[in-house]
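A.B. asks: Before I ask anything, let me first share the structure, which is written out below as structure tokens.
The values are calculated or read from the model by the stated rules, or taken from the named source; none is laboratory data. Predicted model, so just to flag it, every value in this text is computed and none were measured. Reconstructed Cβ throughout: ideal geometry from the backbone, glycine too, with neighbour counts over all protein chains shown. Surface areas here come from the heavy atoms of the whole protein model, side chains and all, with no ligands, DNA or RNA. Shrake-Rupley method; radii C 1.70, N 1.55, O 1.52, S 1.80 Å.
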Amino acid sequence: MKNTTARRAGIALGAVLLAGSLAAGAAQAARAPESAPRATTAAAPATDTVHLETERGHVLEGYAEVGGVPVTLTVYENSTHGNFAQVVLGDLEQDGAIGSVEQTDPFIVDGQLDLTLEVGGSPFELHGTVTPVGKAERLTEALQDNGEQVVSRGTHRQLDVDVTATYAGNSGAVSFAPAFAYDLTTRRVALYGNGR
């Protein structure tokens, strides 16, 4: 665990140093004397090579049995990219049904989850409480993706979820795992001359 944390910290530090190096190179090019030969293509501004993004939200993935039918559920909230919920009722390869909804407003407000979406022509409802538990865990993740160094830093915090699913006059308790809140800042640094 300590080796993994140290490795992630080293990768994150490398990304920060790389970003500083790119910015310093751009600044040096801007200070070059008029008589110095100019490159045929201008260096991209720093805003094209470094991008910061903050994301906050919740991830709930769960299972329930409602009226003897198995149900899988996903509730995903993201303050930057929007909110999504999906319900799969039964087996999709037989007589199952699926429903989903996307919206900008959160599903969880003041610790209360209230969500209704249509599945197989009938309303499927989720109602209950979502409560943070324990301490927030700090995390740092680094990876390279599509010509960018991506470093995410922030926290995850476990949630205690007490939610009931209701469909076609039947109800059942939902068991969620994983269930956590997150608060992340992601720094993307373009590598090898790639721009966004």
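A.B. asks: Whenever you get a sec, line up VAL88, VAL109 from highest to lowest accessible area (probe 1.4 Å, protein heavy atoms).
C.D. replies: The most accessible residue leads, giving VAL109, VAL88.
A.B. asks: Something else now. Gain in length, GLU125 to ASP91, computed as 0.36 nm per residue apart minus the alpha-carbon separation, to one decimal in nm?
C.D. replies: Extra length available between GLU125 and ASP91 comes to 10.3 nm.
A.B. asks: Which net charge results for the neighbourhood of THR74, defined as the other residues with beta-carbon distances under 14 angstrom from its beta-carbon, given Lys and Arg at +1 and Asp and Glu at -1?
C.D. replies: Charge balance in the 14 Å sphere: -3.
A.B. asks: Evaluate the distance, in nm, between pseudo-label points positioned 7 Å from the Cα of ASP160 and of ASP145 along their respective Cα→Cβ axes.
C.D. replies: Those two pseudo-labels are separated by 3.3 nm.
A.B. asks: Which residues' amide hydrogens lie under 5 Å from the amide hydrogen of VAL66, considering only partners 5 or more residues apart or on another chain, with H built in the peptide plane?
C.D. replies: VAL71
A.B. asks: Compute, for VAL174, the solvent-accessible surface of its heavy atoms (probe 1.4 Å) with the complete set of protein chains present, and express it in square angstrom to the nearest 10.
C.D. replies: Number for this one is 10 Å².
A.B. asks: Of ARG56, ARG138, which has the most accessible area and how do the rest follow, probe 1.4 Å? If you can, show how the numbers build up before the last one.
C.D. replies: Values: ARG56 125, ARG138 200 Å².
Result of the area sort, largest leading: ARG138, ARG56.
A.B. asks: Just the accessible area for THR80, please: 1.4 Å probe, Å², rounded to the nearest 10?
C.D. replies: 70
A.B. asks: Can you give the Rg to Rh ratio for the stretch 85-196, taking only C-alpha atoms and Rh from Kirkwood?
C.D. replies: Values: Rg = 18.7 Å, Rh = 17.0 Å.
Ratio value, two decimals: 1.10.
A.B. asks: Solvent-accessible area of SER122, probe 1.4 Å, all protein chains present, reported in Å² to the nearest ten, please.
C.D. replies: 40
A.B. asks: Subtracting the Cα-Cα distance from 0.36 nm times the residue separation, let me have the gained length for GLU61 to THR104 in nm, one decimal.
C.D. replies: Fully extending the segment from GLU61 to THR104 adds 13.5 nm.
A.B. asks: Residues of the stretch 162-183 with amide nitrogen under 13 Å from the 7 Å Cα-to-Cβ point of LEU52?
C.D. replies: In the stretch 162-183, the label zone of LEU52 (backbone N under 13 Å from the point 7 Å along Cα→Cβ) covers no residue.
A.B. asks: Assuming 0.36 nm per residue, please report the length gained on full extension of the stretch THR185 to PHE84 beyond their Cα-Cα distance.
C.D. replies: Full extension from THR185 to PHE84 adds 34.3 nm.
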